[in-house]
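Have a look at the structure below before the remarks.
The values are calculated or read from the model by the stated rules, or taken from the named source; none is laboratory data. Keep in mind it's a predicted model, so treat the numbers as computed, not measured. With ideal geometry, Cβ positions are generated from the backbone for all residues, glycine too; neighbour counts draw on all protein chains shown.
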Amino acid sequence: MKNVTLIPGDGIGPEVSQAVQKVIEAAGVEIEWEEANAGKGVMEEYGTPLPDEVLDSVRKNKVALKGPITTPVGSGFRSVNVAIRKKLDLYTNLRPVKTYEGAPTKFKDVDYVVFRENTEGLYAGIEHKVGEDAAESIKITTRQASERIVKAAFEYAQRENRKLVTAVHKANIMKLSDGLFLEVAREVAEEYPEIEFNDRIVDNMCMQLVQYPEEYDVLVMPNLYGDVISDLGAGLIGGLGLTPGANIGDEIAVFEAVHGSAPDIAGENKANPIALLLSGVLMLRHLKETDAADRIEAAVADVLAEGQTLTGDLGGNATTTEITEAIIDRL
Ligand code: NAD
């Protein structure tokens with residue numbers, strides 16, 4: 001029995017997390033879910049959208065599956081999603097980008113993984129106005145943070161039998177900050193002689209990923225580029241309903257889809273559970289439940305390839321419940 005914290009989230013979060021729980025149970029993995037809620041729904045009771053008991057539960061169990069949480073615009077509370085990553089020092093944002101037959105995309109044979117630095121860069125949150133008509137954002141790059149994300153990418157490549165790591169940067173212009181990132185990446189690469197290493201300037205990387213996505217394997221980059229390149233990846237494989245992710249630190253990992261709470265379809269049994277389910281597959285691999293992970297991924301691939309039971313975002317008209325049942329049937 002494995003203990004995992006479940007943060008269902010809001011919007012479509014509870015619908016898709018319930019679907020994932022069902023599929024994992026049907027695959028025969030025994031998980032003791034410890035439910036802990038965050039977001040607007042708990043504000044009144046706890047006076048904060050992120051109660052300590054949520055973080056305590058994740059710290060104790062070391063692994064969490066998390067649904068999306070709405071960040072109300074202009075409400076004064078910062079993103080709970082970002083706060084969770086910061087408080088637990090989840091410095092790696094990992095996003096696999098893989099095409100499945102039957103997904104609504106023009107691309108084939110795409111299979112790369114993005115490692116995005118999650119704690120600094122232009123997202124360090126150091127911004128100020130300079131008088132009325134100007135503003136400054138400060139970009140932070142440290143050797144320590146660069147080193148640990150690049151190492152995480154190489155360790156993953158080694159573990160998963162990947163052949164190539166590509167560092168993505170703009171060191172030709174930001175010579176000091178991205179220059180440091182690239183310098184560190186080159187140093188770390190020397191420790192892994194069996195894995196090929198190259199680098200790409202971020203604008204060129206975008207073009208290459210659209211023209212030759214099949215040539216890339218593991219990509220590692222600072223925060224802002226990671227944000228953009230990851231969504232480009234979601235577009236390549238058929239959209240947010242299919243794109244999984246994980247936030248990983250030295251000891252703790254929180255698995256969540258890339259998409260948000262989709263308020264436009266929340267509560268209507270229309271959401272595609274596959275993005276969170278594939279995040280659950282990443283979680284099962286992290287928990288060394290490789291067999292169940294492989295079987296669930298194959299069941300998802302079958303349902304997509306058959307194209308009979310697809311949700312609206314994939315061009316079908318099946319409900320969340322129906323696509324979940326179809327996946328369970330294939331297991
Ligand atoms: P969104 O991802 O929620 O929705 C964008 C579009 O994609 C919508 O049309 C939605 O219906 C569709 N979509 C998303 N997931 C889908 C799924 N699983 N199945 C079918 N369709 C799906 O992005 P948004 O509307 O910009 O954000 C809504 C809220 O979510 C905001 O408050 C935002 O801050 C929050 N958010 C949270 C997270 C997170 O929890 N990690 C991530 C992104 C956004």
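See the values below:
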{"read-out": "Some residue of segment 119-142 being exposed (fewer than 12 other Cβ atoms within 10 Å of the Cβ), at positive phi and in contact with a helix residue (DSSP H, G or I) (Cβ under 8 Å, 6 or more places away or on another chain)", "value": "no"}
{"read-out": "Some residue of segment 286-293 being within 16 Å of the ligand (Cβ to nearest atom), under 16 Å from Ala26 (Cα atoms) and of a type outside the set (Gly, Ala, Ser)", "value": "no"}
{"read-out": "Residue that is surrounded by the fewest Cβ atoms within 10 Å (Cβ to Cβ) [pool: residues in segment 55-78 that are within 16 Å of the ligand (Cβ to nearest atom) and hydrophobic (A, V, I, L, M, F, W, C)]", "value": "Val73"}
{"read-out": "Inter-residue pairs, beta-carbon under 6 Å, first without any contact (Cβ under 8 Å) to a residue 24 or more places away in the chain and under 17 Å from Asp111 (Cα atoms) and in segment 160-172, second of a type in the set (A, V, I, L, M, F, W, C) and part of a loop (DSSP other than H, G, I, E, B), 6+ apart", "value": "none"}
{"read-out": "Count of residues meeting criterion [closer than 21 Å to Glu117 by Cα, in a loop (DSSP other than H, G, I, E, B) and not charged (D, E, K, R)] in segment 250-308", "value": "5"}
{"read-out": "Selection from segment 53-78 of residues that are touching a residue at least 24 places away in the same chain (Cβ under 8 Å), assigned to a loop (DSSP other than H, G, I, E, B) and of a type in the set (A, V, I, L, M, F, W, C)", "value": "Ile69, Phe77"}
{"read-out": "Residues being more than 15 Å from the ligand (Cβ to nearest atom), touching a Ser or Thr at 6+ places or on another chain (Cβ under 8 Å) and assigned to a strand (DSSP E or B) - total across segment 79-102", "value": "1"}
{"read-out": "Residue match in segment 29-48 (condition: modelled with pLDDT of 95 or more, at positive phi and outside any helix (DSSP H, G or I))", "value": "no"}
{"read-out": "Counted residues, segment 121-132 - those being farther than 17 Å from Ser230 by Cα and assigned to a loop (DSSP other than H, G, I, E, B)", "value": "6"}
{"read-out": "Subset of segment 223-249 [among the polar types (S, T, N, Q) and in a loop (DSSP other than H, G, I, E, B)]", "value": "Thr243"}
{"read-out": "Yes/no for Leu284 being closer than 20 Å to Gly67 by Cβ and not aromatic (Phe, Trp, Tyr)", "value": "yes"}
{"read-out": "Identity of the residue in segment 205-257, buried (at least 17 other Cβ atoms within 10 Å of the Cβ) and of a type in the set (S, T, N, Q), that ends up farthest from the ligand (Cβ to nearest atom)", "value": "Asn223"}
{"read-out": "Top-ranked residue of segment 102-129 - restricted to ones that are touching a Lys or Arg at 6+ places or on another chain (Cβ under 9 Å) and among the polar types (S, T, N, Q), ranked as farthest from Pro244 (Cα to Cα)", "value": "Thr119"}
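Yes/no matrix, rows are residues, columns are (1) without any contact (Cβ under 8 Å) to a residue 12 or more places away in the chain; (2) more than 12 Å from the ligand (Cβ to nearest atom); (3) surrounded by 17 or more Cβ atoms within 10 Å (Cβ to Cβ):
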site	(1), (2), (3)
Pro263	no, no, no
Ile296	no, yes, yes
Ala299	no, yes, yes
Gly312	no, no, no
Asn317	yes, yes, no
